[in-house]
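Presented below is the structure to which this report refers.
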Amino acid sequence: MTPEARRPYIAGNWKMHKTAAEARSFVERLAGMVSADSVDVGLCVPFTALAASVEAARDTPISIAAQNMHQEPAGAYTGEVSAPMLVELGVRGVVLGHSERRRYNGETDRALQEKVPAALLNGLEPILCVGESEEEREAEETQRRLRHQVQEAIENVPDDQLPAVVIAYEPIWAIGSGRVATPGEAQEAIAFIRALVGDRSRAAAAAVRVLYGGSVSADNAVELLAQPDIDGALVGGASLDPENLAGIVTAAG
Ligand code: 13P
């Protein structure tokens, strides 16, 4: 599959922002600014805003994703949410392994090894986040970190389902810092991630979409998205404003 054949994907990750009412009016505004012609548009919203967002996004090009889920379908896990619960709401995808969850909530590669196949089994599109810290980059350990994170997380995904996984390369030092990776740095890491998928299946490597995340804005998106292996963006801060996010979608089109 050529880069042109992989459909660009722009997803906003709101993190812990927006109430259900705020989400509804955001989705209504964004829907008037984007078309589904050539770009997939997603919003990863807090659990409490999922139902309102799904309802507002009906008959629009926007798909709604959650920001985490538990690997088990049900059980004694207070405070957790499972894949069947998300599917029932009409949610289409789920962010897994975001660095903020790894850092603040003890998310592990071992749990992700169960979460990624559990999402797929339930028909949810996993958006698997990987990325190195500043210290790891300086110590030239970026590839070692990415290899570990990617190989572990996709270990239990059958080869023929690998193309359904979306991977987001989010270097921790670029998140919320305004310090975006250069297009060359992002391309190099994302090509490496694609090659790791290729160690499992060449066909999957050609088809899997790998996004870049970390201080993406409407200003820097064009250059990033012009790189051959960068298939889209996972956008934090700039996704909180519909005009900004629509600008990034336009850059991807
Ligand atoms: P920022 O775009 O705010 O740097 O956040 C990136 C991110 O973490 C998206 O998941």
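We did not get these values from a lab; they are worked out from the coordinates using the rules stated. Predicted model only: the values in this text are computed from it and were never measured. A quick note on method: Cβ atoms are made from the backbone with ideal geometry, for glycine too, and the neighbour counts reach across all protein chains shown.
What ranking do His148, His98, His70 get, fewest neighbouring Cβ atoms within 10 angstrom at the top?
Values: His148 14, His98 27, His70 18.
Neighbour counts put them in this order, fewest first: His148, His70, His98.
Choose one of Ala5, Ser53, His98: the residue whose Cα lies farthest towards the positive end of the charge dipole of the stretch 1-150 (beta-carbon charges +1 Lys, Arg; -1 Asp, Glu; about the Cα centre).
Projecting each Cα onto the dipole axis, the largest value belongs to Ser53.
In debye to the nearest 20, how big a dipole does the chain give about its Cα centre with +1 on each Lys and Arg Cβ and -1 on each Asp and Glu Cβ?
With only Lys, Arg, Asp and Glu charged at Cβ, the dipole is about 340 debye.
State the Cα centre-to-centre distance between the stretch 124-172 and the stretch 45-79 in whole Å.
One Cα centre to the other: 22 Å.
Return the distance in nm (one decimal) between the two label points of a simple spin-label model at Ala21 and Arg58, each offset 7 Å from Cα along Cα→Cβ.
About 2.2 nm, to one decimal.
Taking H placed 1.01 Å from N in the peptide plane, check which residues at least 5 places from Leu128 or on another chain put their amide H under 5 Å from its amide H.
Leu96, Val166, Ile167, Ala168
Viscosity 1.306 mPa s, temperature 10 °C: what is the translational diffusion coefficient of the chain from Stokes-Einstein with a Kirkwood Rh over Cα pairs, rounded to a whole number of µm²/s?
So the translational diffusion coefficient is about 89 µm²/s.
Given a cut-off of under 8 Å on Cα pairs at least six residues apart, what relative contact order in percent is computed for the stretch 193-253?
32 percent
Take Phe26, Phe192 and order them by how many other Cβ atoms sit within 10 Å, fewest up front.
Lowest to highest Cβ neighbour count: Phe192, Phe26.
Please state the relative contact order of the stretch 5-156 as a whole percent: Cα pairs under 8 Å, 6+ residues apart?
18 percent
One-quarter of the Cα convex hull surface for the stretch 64-208, in nm²?
Reported value for the Cα convex hull: 8.9 nm².
Suppose only helical runs count, i.e. DSSP H with n ≥ 4. What mean residue ellipticity at 222 nm does that imply for the chain under -39500 (n - 2.57) per run, divided by all residues and rounded to the nearest 500 deg cm²/dmol?
Taking each H run of at least 4 residues, the total per residue is -11500 deg cm²/dmol.
Sorting Ile248, Ile190 on the 10 Å Cβ count, fewest up front, what's the list? Mind dumping the intermediate values first?
Details: Ile248 29, Ile190 24.
Sorted ascending by nearby Cβ count, the order is Ile190, Ile248.
Out of Ser35, Ala206, Pro183, whose Cα points farthest toward the positive end of the dipole of the chain (charges: +1 Lys, Arg; -1 Asp, Glu; placed on Cβ)?
The one lying farthest along the dipole's positive direction is Ser35.
Find the Cα radius of gyration of the stretch 1-74, compare it with 2.2 N^0.38 Å by division, and give the number to two decimals.
Details: Rg = 13.6 Å, N = 74, 2.2 N^0.38 = 11.3 Å.
The stretch 1-74 yields a ratio of 1.20.
Counting Lys +1, Arg +1, Asp -1, Glu -1, what net charge surrounds Ala251 among other residues with beta carbon under 10 Å of its beta carbon? Don't jump to the answer; show the numbers that get you there.
Numbers: positive: none; negative: Asp219, Glu223.
Summing Lys and Arg as +1 and Asp and Glu as -1 gives -2.
Which one of Gly75, Gly97, Gly237 has the biggest mean-square fluctuation once the chain is modelled by GNM with Cα springs under 10 Å?
The residue that fluctuates most here is Gly75.
Which log10 I(q)/I(0) values does the stretch 160-235 give at q = 0.12, 0.15, 0.20 Å⁻¹ under the Debye formula, counting every alpha carbon as one identical point scatterer?
-0.30, -0.46, -0.77
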